[in-house]
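Here the structure is laid out as structure tokens; the discussion comes afterwards.
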Amino acid sequence: MGDGASDSMKPRGSKNVRTRGLWQVAPYASKLTRAHRDAARTDDAFARALREQTLYPARIDALIAGRTWFEGRECAKCGGTRRRVYNLSCYDCTKRDGFKTDAKGRCIALPPAKLSRDGWLARNDERKREAAGDYIEYRSGEWMARQYPTGRLLVRCIRYHIDNPDFGKLPGPRIIQLCGQHSDLVILLRQAGWSI
């Protein structure tokens, strides 16, 4: 094939003119990072290239100034106009929803807390008491049970070789089977507050 054939095989259309230049970060991104900020502060051409690719020149000004937000379009959800420099999300909505950044400055959303502070402190206190050896012991025949502050129930019977550190984790059918075989176990579990 000659040169004419290879020229006709080339695709026609726009060319990708986006180049990185001397920086290791491209002057375009949907999410602006610390690397973009450092490059824009150092190189005016890079800052101009960033301004050309965005709808909000104020976003780039805020990025260079080191701010985390700028005045942008109105949020459909809350009506606020403050936008995050990082990803254009609404500043007020994401702040209210637990918006955080990780060690690299990337946005992450934290899940809601499972316990209140008081609940967490109470759970922590229960764990400390259990580690210190605090428990209530119940006996019925050859069966022995220890109930710990965390709710864990240790059940032990030497004769039947049963030594379970957390009886509550046994499957329900197995517990019912054991209770059907051993009446002392039923009495023991009722002493511990179980409804058997």
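No lab work stands behind these numbers, since they all come straight from the coordinates. No experiment lies behind these values; they were computed from the predicted model shown. So basically every Cβ, Gly included, is an ideal-geometry build from the backbone, and we count neighbours across all protein chains shown.
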Neighbour net charge for Arg117 - beta-carbon separation under 14 angstrom, K R +1, D E -1
0
Summed residue charge, Cβ within 14 Å of Arg129's Cβ, Lys/Arg positive, Asp/Glu negative:
+1
Distance in nm between pseudo-label sites at Asp38 and Glu137 (7 Å out along the Cβ direction from Cα)
6.3 nm
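Extension gain Leu121-Lys169, at 0.36 nm per residue separation less the Cα-Cα distance, in nm?
So the extension gain works out to 14.9 nm.
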Would you mind getting me the FRET efficiency between Thr150 and Cys75? Use the beta-carbon distance for r and R0 = 41 Å, nearest 0.05.
0.40
Compute the length gained on full extension between Ala65 and Val186: take 0.36 nm times their separation in residues and subtract their Cα-Cα distance, giving the result in nm to one decimal.
36.5 nm
How big is the C-alpha Rg of the stretch 133-191 next to the rule-of-thumb value 2.2 N^0.38 Å, as a ratio?
1.04
